[in-house]
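The values are calculated or read from the model by the stated rules, or taken from the named source; none is laboratory data. Everything numeric in this text was worked out from a predicted model, so none of it was measured. Note that each Cβ is placed from the backbone with ideal geometry, even for glycine, and that neighbours are counted across all protein chains shown. Calculation scope for accessible area: heavy atoms of the full protein, side chains included, ligands and nucleic acids excluded. Shrake-Rupley method; radii C 1.70, N 1.55, O 1.52, S 1.80 Å.
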Amino acid sequence: MKLFLVGGFLGSGKTTAILQAAMGLQEEGKKAGIVTNDQGDTLVDTALFRMNHVAAEEVSGACFCCNFGELLDRIGKLRDANAGVDIIFAESVGSCTDLAATVVNPLLQLENPLDISLSVFADIRVLAIYLQNHKKVFHRDMNYIYQKQLEEADILVVNKTDLLSDRQLKKAKSLIEREFPGKKILYQHSLTKEGVLPWLTMLLNFPTLPDLKATLQLDYEKYASGEGLLAWLDATVDIRTSDKKAAVLGLILIKLIRTALDQLKYPIGHLKFLISDGDWYKKISYTPGQPFKKQSHKEMANTHQVTLMVNARVQTQPLLLKRVFEDAVRKLKRTTVCQITEKNLASFKPGYPRPTHRVQHINK
Ligand SMILES: Nc1nc2c(ncn2[C@@H]2O[C@H](COP(=O)(O)OP(=O)(O)O)[C@@H](O)[C@H]2O)c(=O)[nH]1
Ligand SMILES: [Mg+2]
């Protein structure tokens with residue numbers, strides 16, 4: 001059984017690439033499954049996979065490292081006769097690192113070890129600025145996490161190449177190759193099945209790790225401090241209207257939240273929304289530094305009712321992030337005719353990372 005572990009920073013494109021790869025595999029008659037992971041427990045990514053008929057299980061409430069038992073359980077669920085999956089992707093939390101010691105090596109020590117590789121995604125625009133800017137892009141302790149993620153990649157997937165001109169791409173490549181000599185690096189965009197094909201081919205042919213994987217030297221205090229800079233907010237609301245404009249109202253709520261975050265100057269880690277009426281869906285996502293883009297109302301389904309899921313990872317305090325969300329909902333209620341029901345709302349900071357296992361290994 002192959003397990004493709006996929007790490008990399010918030011918004012680097014992990015889910016987009018896995019979805020394309022999984023759908024490509026399914027078209028060839030292979031069945032792919034995914035274990036999603038987040039500190040929260042109502043995940044846009046899981047809903048997105050399921051809406052696209054990809055078997056998805058989730059480890060929620062903590063990262064894979066700190067909830068290794070649940071990861072094993074979810075892998076088991078995907079492998080069992082009902083799901084009957086041949087290939088499993090596992091997408092880790094975007095602010096997580098040390099996966100070699102806490103996930104790969106414990107999996108390699110199982111009685112029936114899995115064929116496992118670690119891909120780490122990076123948004124080419126962020127990575128190029130990071131390297132140009134003497135590795136100072138985020139707050140100091142978040143830069144540390146970013147650096148450590150890149151360091152432990154078996155395959156470094158430099159993603160979103162479609163967003164650079166040829167000249168910018170050439171310059172970015174030379175910076176990246178100078179920084180990571182000898183590393184397996186792939187440049188791709190992940191918007192189509194063709195875009196992710198070289199990555200998928202590399203994964204399918206990746207050599208079985210003979211022993212344990214080399215692990216990072218990691219300062220957990222710095223790691224915890226970097227993760228603790230972000231506040232998490234997960235919310236689900238139902239929006240009902242009498243005039244089939246529920247999806248458009250979902251868009252207006254998204255705009256209210258995004259505009260408030262900009263006004264307050266809270267830096268966005270990843271802001272993800274899924275609007276859905278059960279059959280139709282639209283995912284809207286904002287990543288670090290990405291300006292607000294008005295979405296066309298024409299793309300929205302005409303429907304009386306939608307569910308809007310919000311997964312926000314933002315550099316601020318949880319209570320302040322919750323206030324932004326609640327103010328936006330109040331404003332929508334005040335200025336439009338609709339019925340809004342909050343189904344769940346949680347806002348918090350991730351806890352100190354305490355991995356279930358930490359199996360160190362140094363290559364001789
Ligand atoms: N232009 C472009 N956008 C991408 C690409 N891959 C992902 N995205 C967008 O980047 C945003 C974050 O992607 P997502 O897969 O959710 O990132 P994750 O947090 O790493 O799982 C979404 O808006 C995606 O549509 C790519 O190759 N090119
Ligand atoms: Mg994701």
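At least 1 residues being within 15 Å of ligand 2 (Cβ to nearest atom), without any contact (Cβ under 8 Å) to a residue 40 or more places away in the chain and not polar (S, T, N, Q) is the threshold, and among the strands (runs of 3 or more DSSP E) wholly inside the range 10-92 those reaching it are 55-60.
Each residue in the range 111-146 was checked for being of a type in the set (A, V, I, L, M), open to solvent by 30 Å² or more (accessible area, probe 1.4 Å) and in contact with a helix residue (DSSP H, G or I) (Cβ under 7 Å, 6 or more places away or on another chain), and 1 pass. Considering the range 11-49, the residues that are surrounded by fewer than 21 Cβ atoms within 10 Å (Cβ to Cβ) and touching a Lys or Arg at 6+ places or on another chain (Cβ under 7 Å) include one that is nearest to Pro350 (Cα to Cα), namely Met23. Looking only at residues in the range 277-298 that are part of a strand (DSSP E or B) and either modelled with pLDDT under 90 or surrounded by fewer than 21 Cβ atoms within 10 Å (Cβ to Cβ) (or both), the one that is farthest from ligand 1 (Cβ to nearest atom) is Tyr281.
Return the total of residues in the range 147-174 being away from ligand 2 (no atom under 16 Å from the Cβ), outside any loop (DSSP other than H, G, I, E, B) and open to solvent by less than 30 Å² (accessible area, probe 1.4 Å). Count: 7.
Scanning the range 192-216 for residues that are closer than 16 Å to Thr16 by Cα and part of a loop (DSSP other than H, G, I, E, B) gives a single hit, Thr192. The condition of being modelled with pLDDT under 95 and of a type in the set (Val, Ile, Thr) holds for only one of Thr201, Thr208, that being Thr208.
Inspect all residues belonging to the range 235-244 and state whether any of them is among the charged types (D, E, K, R), farther than 24 Å from Glu151 by Cα and part of a loop (DSSP other than H, G, I, E, B). Yes, there is a match, as at least one residue in the range 235-244 is among the charged types (D, E, K, R), farther than 24 Å from Glu151 by Cα and part of a loop (DSSP other than H, G, I, E, B). Here Leu191 fulfils each of the conditions (1) of a type in the set (A, V, I, L, M); (2) within 13 Å of ligand 1 (Cβ to nearest atom); (3) buried (at least 17 other Cβ atoms within 10 Å of the Cβ) apart from (3).
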